[in-house]
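*Asks:* Okay, here's the structure, questions in a sec.
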Amino acid sequence: MAGKKYKNAAEKVAAQSEYDLQQAVELLKDISGVKFDASVDVAMRLGVDPRHADQVVRGTVMLPHGTGKTVSVLVICNEAKAAEAQEAGADMVGFEDYIEKIQNGWTDVDVIIATPDVMGKLGRVGKILGPRGLMPNPKSGTVTMDVAKAVKEVKAGKIEFRVDKAGNVHAPVGKISFGSEQLVDNAASFIKEVIRLKPSAAKGQYVRNISVSSTMSPGVRVKKDKYVA
């Protein structure tokens, strides 16, 4: 988006105002000026200190209308589970061959699912996968013996999120081409799940602010009242 277009879009957003989620989404669709199908993201600033393990906010949520993105899935498992993974729609299935590829620098995949019995060997590439958000984890449902269920959920729109060092958590909730109601449903599902996961150790105001944005657009702040008691 050119600088002039961004400025024109920003002028339509009242910087200090908060909008109902429906209004925010409709405004976002109005100001999106890119020629491609931009991703729509929700960002939340939380009153947590992620340096403390008991204040880390991490989870998954099923978006009712999916992400609008084709997600590539690799399942790392023994041969006994390979057919199940392939039938469920996994794009790639293997074990030591893929671990070797990862050791050599390959990470061209969106989600990796693994069975518990291979995690010992997969741990060797944790330093490569971890920083990229690709390391399978039981808490996110990506370490499981039910690989078929895990693959189908990811393909259907299950996303994973985790608070960053600054206390922010964000996730993609669709494409700008989605209908307003679809984006509202997806965004609300994410917001409600983050709120549900409020750590008991978090003190004071948990949700500081919520905003929605699309690729290369200014953010639009969302009213918290409906979601925060």
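*Asks:* Would a scan of segment 64-81 turn up a residue that is buried (at least 17 other Cβ atoms within 10 Å of the Cβ), charged (D, E, K, R) and over 27 Å from Ile176 (Cβ atoms)? Step through it out loud before you land on a result.
*Replies:* First pass over segment 64-81, keeping only residues buried (at least 17 other Cβ atoms within 10 Å of the Cβ): 65-68, 71, 73-77, 81.
With the extra rule that they be charged (D, E, K, R), the set shrinks to 81.
After this cut, where a residue has to be over 27 Å from Ile176 (Cβ atoms) as well, the list is 81.
Scanning segment 64-81, I find at least one residue that is buried (at least 17 other Cβ atoms within 10 Å of the Cβ), charged (D, E, K, R) and over 27 Å from Ile176 (Cβ atoms), so the answer is yes.
*Asks:* Which one is farthest from Arg162 (Cα to Cα), of the residues in segment 184-223 that are open to solvent by 30 Å² or more (accessible area, probe 1.4 Å) and modelled with pLDDT under 90?
*Replies:* The qualifying residue farthest from Arg162 (Cα to Cα) is Met216.
*Asks:* Return the total of residues in segment 1-36 being in a loop (DSSP other than H, G, I, E, B), surrounded by fewer than 16 Cβ atoms within 10 Å (Cβ to Cβ) and at pLDDT 70 or above.
*Replies:* Final tally of qualifying residues: 5.
*Asks:* Sticking with this one: When you scan segment 168-184, how many residues do you find that are within 19 Å of Asp20 (Cα to Cα) and more than 15 Å from the chain's Cα centre (by Cα)?
*Replies:* Of the residues in that region, 7 qualify.
*Asks:* Show the residue pairs meeting these rules: Cβ distance below 8 Å; 6+ apart or different chains; first residue within segment 77-92 and charged (D, E, K, R); second residue open to solvent by less than 80 Å² (accessible area, probe 1.4 Å) and assigned to a helix (DSSP H, G or I).
*Replies:* Lys81/Val147; Glu84/Val147; Glu84/Ala148; Glu87/Ala148
*Asks:* List the residue pairs whose Cβ atoms are under 8 Å apart, where the first residue sits in segment 164-175 and is within 16 Å of Ala53 (Cα to Cα), the second is among the aromatic types (Phe, Trp, Tyr) and at pLDDT below 95, and the two are 6 or more positions apart or on different chains.
*Replies:* Val169/Phe161
*Asks:* If I ask for residues that are open to solvent by 10 Å² or more (accessible area, probe 1.4 Å) and polar (S, T, N, Q), which ones from segment 93-139 would you list?
*Replies:* Across segment 93-139, the qualifying residues are Gln103, Asn104, Thr107, Asn137.
*Asks:* So Gly179 clears everything in (1) touching a residue at least 24 places away in the same chain (Cβ under 8 Å); (2) over 30 Å from Gln86 (Cα atoms) except one condition, right? Which one?
*Replies:* With respect to (1) touching a residue at least 24 places away in the same chain (Cβ under 8 Å); (2) over 30 Å from Gln86 (Cα atoms), Gly179 is out only on (1).
*Asks:* Does Thr144 meet the test of being in contact with a helix residue (DSSP H, G or I) (Cβ under 7 Å, 6 or more places away or on another chain) and crowded, with 16+ Cβ neighbours inside 10 Å? If you could, list the steps in order and put the result at the bottom.
*Replies:* Values: in contact with a helix residue (DSSP H, G or I) (Cβ under 7 Å, 6 or more places away or on another chain): yes; crowded, with 16+ Cβ neighbours inside 10 Å: yes.
Yes: the conditions hold for Thr144.
The values are calculated or read from the model by the stated rules, or taken from the named source; none is laboratory data. Everything numeric in this text was worked out from a predicted model, so none of it was measured. Virtual Cβ from ideal backbone geometry, glycine too; neighbours counted across all protein chains shown. For accessibility, only protein heavy atoms count, side chains too; no ligands or nucleic acids. Shrake-Rupley method; radii C 1.70, N 1.55, O 1.52, S 1.80 Å.
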